[in-house]
Every structure is written in C-alpha cells, then in structure tokens.
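The values are calculated or read from the model by the stated rules, or taken from the named source; none is laboratory data. The structure presented is a predicted model; accordingly, all values stated were derived computationally and were not measured. Counting neighbours? That spans all protein chains shown, and the Cβs are built from the backbone with ideal geometry, glycine included.
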Amino acid sequence: MSLEVFDAIVIGAGPAGNAAAYTLAKSGLKVLQLERGEYAGSKNVQGAILYADALEKLMPDFREDAPLERHIVEQRMWMMDDNSHTGMHYRSDSFNEEKPNRYTIIRSQFDRWFNRRVREAGAVVLCETTVTELLKDTNGRVIGVKTDRHGDAILADVVILAEGVNGLVGQRAGLRQELQPAHVALAVKEMHFLPEEVIAARFNLKGDEGVVIEAMGTITKGMVGTAFLYTNRESISVGIGCMVQDLAENRVSSSALLEAFKAHPSIRSLLEGSEVREYAAHLIPEGGYKAVPQLYGEGWLVVGDAAHFVNAVHREGSNLAMTSGRIAAETVVWLKRRREACSAENLAEYRRRLEASFVMKDLKKYRGIPALLHRNKHFLDLYPRIASRAAQIWLRVDGVDKRSKEGEIVRDLRAARGWRGLVGDAFKVARAWR
Amino acid sequence: MSGTKIEEKLFQNRYLVDAGRPHIKVRAHDAPSEELRALVDICPAGCYTETDKGTVEIVADGCMECGTCRIVTQETGEIEWNYPRGGYGVLFKFG
C-alpha cells in the first residue's frame with residue numbers, strides 16, 4: 001500500500017467523514033478513509049437527532065435501509081427550576097409525513113450503516129487505524145498520512161480531516177490550535193432501555209412517532225449548559241452538557257449533574273423502570289463562528305466538529321458535519337475535473353461555498369451567543385425561577401383577585417432583576433440573536 | 001455526589017484495554033496545579049484520583065476519550081494525551 005497514491009484520504013468515519021468519503025467515491029475518485037475505532041461509530045457519541053435534509057442531499061433513498069429510530073412529531077422546550085419546569089411544546093400531525101424531517105438515531109448503528117454505504121460507493125475503508133501524523137513535503141504541503149497500522153506513508157493529493165472534536169492530527173500538524181475551555185462543552189449521556197409500548201404510552205406516541213425534550217435552567221447549577229431527553233424506539237437517550245471552563249472552575253462532576261437531572265420530578269417518572277446499558281461522554285465544540293479555525297490549506301481541508309461546525313443554539317451539528325463534508329468533497333471533485341491542484345488558493349473555494357450555505361450563515365448569525373451566555377450566566381438560572389414563580393402565582397386559585405396577582409408577578413420580576421436589568425437583558429439577547 | 005457511582009456506570013460500557021500502554025499519562029509532579037486537581041472532580045469517567053501525598057494520578061482503563069482533561073491542562077502541560085492504538089479503548093455500543 002505504501003506506494004499507492006490516492007486522490008483523497010479522509011480521516012474519520014463520523015457524519016462529516018462519511019459524507020466526504022461517500023461524495024468522493026460516488027464521483028469515481030480513489031478514496032481511502034481511515035477510522036481509529038473498531039468500526040465506524042465505535043468512538044462517536046451524539047444525542048442523537050438526524051436532520052434528514054443534509055443526508056437526503058447525499059442519498060435521497062437513505063430511508064430505505066438506514067437504522068432510524070423515531071421521527072420527531074413533538075418538541076418540548078423546558079425551563080427548569082429545582083422542582084418544576086415551564087415548557088413550550090410544539091406537536092404537529094404534519095410531522096407525520098412521507099419523508100419526515102427529523103429522526104432520533106443511535107450513532108454507533110447509524111455510522112456503521114453510513115460507512116457501509118461509503119464502501120459500497122467504492123471507497124477503501126480501514127478501521128482500527130489511528131492516523132499518527134500528517135506528512136508534508138519540503139514546502140509544507142500536506143501530501144499524506146502516517147498511521148499506527150502501516151509503518152509506511154500513505155500518499156494522497158488531498159487530505160480531508162474529519163477527525164472530530166478531539167482533532168489531534170490537525171492540531172499537532174499546526175493546522176489549528178487546541179480547543180479553549182470556554183469554547184467546548186462536555187456532555188454525558190445514558191441509554192435507558194424500556195419496552196416500546198411503555199415509551200409510546202409515556203410520551204403519547206403511536207407507531208414510529210418520537211418526542212424530544214431540550215431543557216435548560218437550574219439543572220446546570222448556574223453554569224452554561226443544556227440537558228436533553230430523546231425517545232428512541234426501545235430506549236431513551238438522556239444527557240446533560242456544560243461548558244468545560246465552567247465545570248473546571250466550579251469543580252462539578254457531569255455525572256452528578258446527570259444524576260440530579262434524572263432525579264428531577266419532571267424527568268424521573270419518564271425514566272422509571274428503565275435499564276441503563278451505556279454511559280458515554282463527549283465534547284461538543286460550542287464556541288461558534290469566532291472559534292472556527294482555518295478551514296483549508298496546501299493539500300488539506302477540515303470538516304465537521306474538527307472545524308467547530310456546531311450551531312449550539314439550535315442543537316444542530318451532525319447536519320453541519322454532513323454538509324461541510326459534502327461541500328469539501330464536491331470542491332475536490334470540482335478541482336479534479338478541471339485538472340487543477342489541491343493548493344490552498346484553489347481550496348479556498350471550499351470556504352466560499354460554505355459561506356454561501358446555511359453552515360456559515362447560521363454560525364455567523366449566532367456569533368455573539370457564546371460570549372453572551374458566558375457573561376450572563378443568570379439567564380439560565382434566574383429566568384427559569386422567575387417563570388416558575390409567575391406560573392405558581394397565576395395558576396393557584398386562592399381567593400386573591402387577578403389584578404393583585406398580576407401586580408405580584410410584576411413586583412417579583414422587578415425585585416429579581418430590576419427594570420434596567422430586564423431591559424438590558426432583552427437588548428443583549430436581541431442584539432446577539434439578530 | 002448522588003445516585004449511581006461512576007464505576008457502576010462504566011461497568012455497562014465496552015472497552016478493549018491496551019494493557020500496559022495507557023493513552024493518557026500524568027507527568028511526575030510534587031504538587032498538582034489547580035487545573036490538574038480539578039480533574040479529580042470533573043473527569044466524567046472518574047479516572048483521576050488524589051493520592052495520600054497530594055499528587056494526582058490516573059488509571060485510564062475507564063476513559064471515554066472525551067478529551068476534557070487535555071483541554072483543561074493545556075497550559076500546565078501536566079498530562080500527555082494520545083489516542084489509544086487503533087481498535088483499542090472505549091467501544092461505544094450505542095454512542
């Protein structure tokens with residue numbers, strides 16, 4: 001294999017790497033994909049929600065054999081305090097469509113399936129192979145990789161780094177910096193198994209319908225973070241994540257946060273009687289647009305989590321990964337067809353195409369959100385408490401007239417934050433959101 | 001800490017331990033930095049412990065390869081973090 005030169009090497013077999021390798025192989029390029037896990041997906045962790053659109057653009061027929069759990073018909077957004085949640089739920093029968101838009105998935109199964117499609121498209125896939133370094137020529141151009149499985153170099157015209165959030169290969173080659181504790185969240189997750197009919201009854205579901213809950217509030221103990229609960233066919237994924245900087249400064253165990261979340265009165269009964277079969281932890285790059293590193297160079301491109309493509313506000317990541325993987329591959333195919341080199345100048349086209357897509361547009365739109373939350377931790381603590389108190393006052397029927405109740409709610413708001421604080425918060429959010 | 005202990009949680013997981021070749025090492029030290037000491041509390045797999053001498057040591061067998069420890073101690077240089085050899089380490093059944 002040492003003297004074989006590939007058109008492209010893809011490092012990693014998650015959503016970004018699989019999307020890239022699939023697109024390249026489909027176009028007839030000679031592709032080598034390297035994955036350090038025993039199989040594609042064995043190192044990967046996600047909630048997980050699949051956004052159909054990004055995958056549909058690669059393979060319109062994916063629904064025929066992809067391992068999908070439930071299509072989502074209901075989204076619950078909860079602001080939690082210590083013993084309550086104030087929620088906004090949206091459920092619609094229009095999500096019961098022929099080609100649903102969002103599904104829950106189990107990543108190890110999904111990635112394995114996706115990677116099988118990559119092989120069928122003609123890519124050479126080597127698992128249990130860790131890339132140890134990028135090879136550069138004397139001009140600093142990336143020309144291939146070294147792995148821990150084959151002593152020899154493997155050469156390619158371009159290397160696509162889809163190595164995930166812990167992108168050591170790119171970091172050690174000097175392509176990008178180490179992640180900052182303020183830019184990355186640590187999430188932990190458990191898989192709780194329950195009979196299909198129990199899940200259906202608990203969440204008011206029929207057939208393959210599914211529910212997702214996204215929660216924030218005092219469950220993250222004043223730190224920036226969110227929690228989630230997703231229904232799979234015969235299991236429930238439940239997890240919580242906080243910024244690494246906050247966890248380190250406060251010396252808080254994510255595992256303990258998850259235990260507390262599971263014990264919350266709003267969550268406990270949903271999980272009752274379940275059997276836990278896995279506990280996982282993973283980082284999520286949540287620094288947003290300002291944390292996006294250099295995306296291309298002489299002979300290389302970076303995609304997915306390694307490129308910090310996560311929209312934390314909308315809990316989207318795998319779709320940005322697949323889209324960036326596809327666009328990176330399309331750029332390479334485009335250059336190949338024009339018989340042009342994968343130089344930094346030519347690969348700049350990847351960034352231009354990304355800028356024109358939702359990937360960079362969305363990241364840019366929310367570029368102020370990470371810093372906003374970092375500087376305003378009370379958003380996730382104070383407001384859920386205020387909402388809960390207001391609901392208590394409003395909903396309890398206790399002989400107090402409604403005008404007095406309204407007055408009490410307004411006084412409570414003012415006491416908690418002050419008018420200046422409230423207006424300031426609203427202004428800050430509006431400015432970061434626009 | 002409430003509820004299930006981390007060790008019990010990890011018991012559910014699948015690992016292929018590369019015996020004798022830990023992928024994370026703590027460099028020899030007399031007194032750990034604040035960052036290194038924080039790992040005793042924040043490592044989600046509970047891999048880090050404080051010894052009687054006040055130093056911090058790691059047993060990486062239950063590591064889920066999240067990378068938190070590498071990021072937290074990047075300025076102090078107290079740990080050496082590598083991927084396990086191909087095929088070794090945590091093998092997520094569900095992920």
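Applying the set (1) of a type in the set (Gly, Ala, Ser); (2) within 7 Å of chain A (Cβ to nearest Cβ); (3) surrounded by fewer than 20 Cβ atoms within 10 Å (Cβ to Cβ) to B:Ser33 leaves exactly one unmet item: (2). Just for segment B:52-77: of the residues that are in a helix (DSSP H, G or I), in contact with a strand residue (DSSP E or B) (Cβ under 7 Å, 6 or more places away or on another chain) and aliphatic (A, V, I, L, M), which one is modelled with the highest pLDDT? It comes out as B:Ile71.
In the set B:Glu7, B:Glu80, only one residue is outside any loop (DSSP other than H, G, I, E, B), modelled with pLDDT under 95 and either more than 25 Å from A:Leu34 (Cβ to Cβ) or within 12 Å of another protein chain (Cβ to nearest Cβ) (or both); that residue is B:Glu7.
Scanning segment A:233-263 for residues that are more than 9 Å from chain B (Cβ to nearest Cβ) and part of a loop (DSSP other than H, G, I, E, B) yields A:Arg233, A:Glu234. Checked against (1) within 24 Å of A:Gly299 (Cα to Cα); (2) surrounded by fewer than 21 Cβ atoms within 10 Å (Cβ to Cβ), A:Gln109 passes all but condition (1).
Of the listed requirements (1) more than 14 Å from every other protein chain (Cβ to nearest Cβ); (2) without any contact (Cβ under 8 Å) to a residue 40 or more places away in the chain, A:Leu229 misses just one: (2). If you go through segment A:327-348 one residue at a time, do you hit one that is surrounded by fewer than 18 Cβ atoms within 10 Å (Cβ to Cβ), of a type in the set (Ser, Thr, Tyr) and under 24 Å from A:Lys136 (Cβ atoms)? Within segment A:327-348, one or more residues are surrounded by fewer than 18 Cβ atoms within 10 Å (Cβ to Cβ), of a type in the set (Ser, Thr, Tyr) and under 24 Å from A:Lys136 (Cβ atoms).
Among all positions in segment A:287-306, there is no residue which is under 15 Å from the mean Cα position of the chain (by Cα), more than 10 Å from chain B (Cβ to nearest Cβ) and in a strand (DSSP E or B).
Which of the residues spanning segment B:26-50 are charged (D, E, K, R) and not in a helix (DSSP H, G or I)?
Residues of segment B:26-50 charged (D, E, K, R): B:27, B:30, B:34-35, B:37, B:41, B:50.
Residues satisfying the conditions are B:Arg27, B:Asp30, B:Glu50.
Only one of these is of a type outside the set (Phe, Trp, Tyr), within 26 Å of A:Lys206 (Cβ to Cβ) and surrounded by 24 or more Cβ atoms within 10 Å (Cβ to Cβ): A:Ala48, A:Ala8. Name it.
Details: A:Ala8 fails: within 26 Å of A:Lys206 (Cβ to Cβ).
Going through A:Ala48, A:Ala8 in turn, the sole match is A:Ala48.
A:Arg149 meets each of the listed conditions (1) within 14 Å of chain B (Cβ to nearest Cβ); (2) without any contact (Cβ under 8 Å) to a residue 60 or more places away in the chain; (3) within 25 Å of A:Lys336 (Cα to Cα) apart from (3).
Is segment A:118-129 home to any residue that is in contact with a helix residue (DSSP H, G or I) (Cβ under 7 Å, 6 or more places away or on another chain) and either free of Cβ contacts under 8 Å to residues at least 40 places away in the same chain or acidic (Asp, Glu) (or both)? First the steps, then the outcome.
Residues of segment A:118-129 that are in contact with a helix residue (DSSP H, G or I) (Cβ under 7 Å, 6 or more places away or on another chain), as a first pass: A:118, A:121-123, A:125.
Going one step further and asking which of them are either free of Cβ contacts under 8 Å to residues at least 40 places away in the same chain or acidic (Asp, Glu) (or both), we end up with none.
No, there is no match, as no residue in segment A:118-129 is in contact with a helix residue (DSSP H, G or I) (Cβ under 7 Å, 6 or more places away or on another chain) and either free of Cβ contacts under 8 Å to residues at least 40 places away in the same chain or acidic (Asp, Glu) (or both).
For segment A:190-218, a residue qualifies if it is touching a Leu at 6+ places or on another chain (Cβ under 8 Å) and basic (Lys, Arg), and exactly one does: A:Arg202. B:Lys25 meets all of the listed conditions (1) of a type outside the set (Val, Ile, Thr); (2) away from chain A (no Cβ under 11 Å); (3) free of Cβ contacts under 8 Å to residues at least 40 places away in the same chain but one, namely (3). The residue list A:Thr331, A:Thr323 contains one member that is in the same structural domain as A:Val169 (by TED's automatic domain parsing), part of a helix (DSSP H, G or I) and in contact with a Leu (Cβ under 7 Å, 6 or more places away or on another chain), which is A:Thr331. Scanning segment A:163-182 finds no residues that are more than 9 Å from chain B (Cβ to nearest Cβ), in a strand (DSSP E or B) and more than 17 Å from B:Tyr83 (Cα to Cα).
Filtering segment A:71-117 to residues that are within 26 Å of A:Ala13 (Cβ to Cβ), away from every other protein chain (no Cβ under 14 Å) and within 19 Å of the chain's Cα centre (by Cα) leaves A:His71, A:Ile72, A:Asn101, A:Arg102, A:Tyr103.
The criterion of at least 1 residues that are more than 23 Å from the chain's Cα centre (by Cα) is met, among helices (runs of 4 or more DSSP H) falling completely within segment A:337-434, by A:344-355, A:382-395, A:402-433. The one condition from (1) within 14 Å of chain B (Cβ to nearest Cβ); (2) surrounded by fewer than 16 Cβ atoms within 10 Å (Cβ to Cβ) that A:Glu120 does not meet is (1).
Within segment A:310-320, is there a residue that is of a type in the set (S, T, N, Q) and touching a strand residue (DSSP E or B) at 6+ places or on another chain (Cβ under 9 Å)?
In the first step, residues of segment A:310-320 are kept if they are of a type in the set (S, T, N, Q); the result is A:311, A:318-319.
If we keep only those that are touching a strand residue (DSSP E or B) at 6+ places or on another chain (Cβ under 9 Å) as well, we get A:318-319.
Yes, there is a match, as at least one residue in segment A:310-320 is of a type in the set (S, T, N, Q) and touching a strand residue (DSSP E or B) at 6+ places or on another chain (Cβ under 9 Å).
Whether any residue in segment A:194-213 is within 14 Å of chain B (Cβ to nearest Cβ), in a helix (DSSP H, G or I) and either touching a residue at least 24 places away in the same chain (Cβ under 8 Å) or closer than 17 Å to B:Gly46 by Cα (or both) is what I want to check. No; the residues of segment A:194-213 include none that is within 14 Å of chain B (Cβ to nearest Cβ), in a helix (DSSP H, G or I) and either touching a residue at least 24 places away in the same chain (Cβ under 8 Å) or closer than 17 Å to B:Gly46 by Cα (or both).
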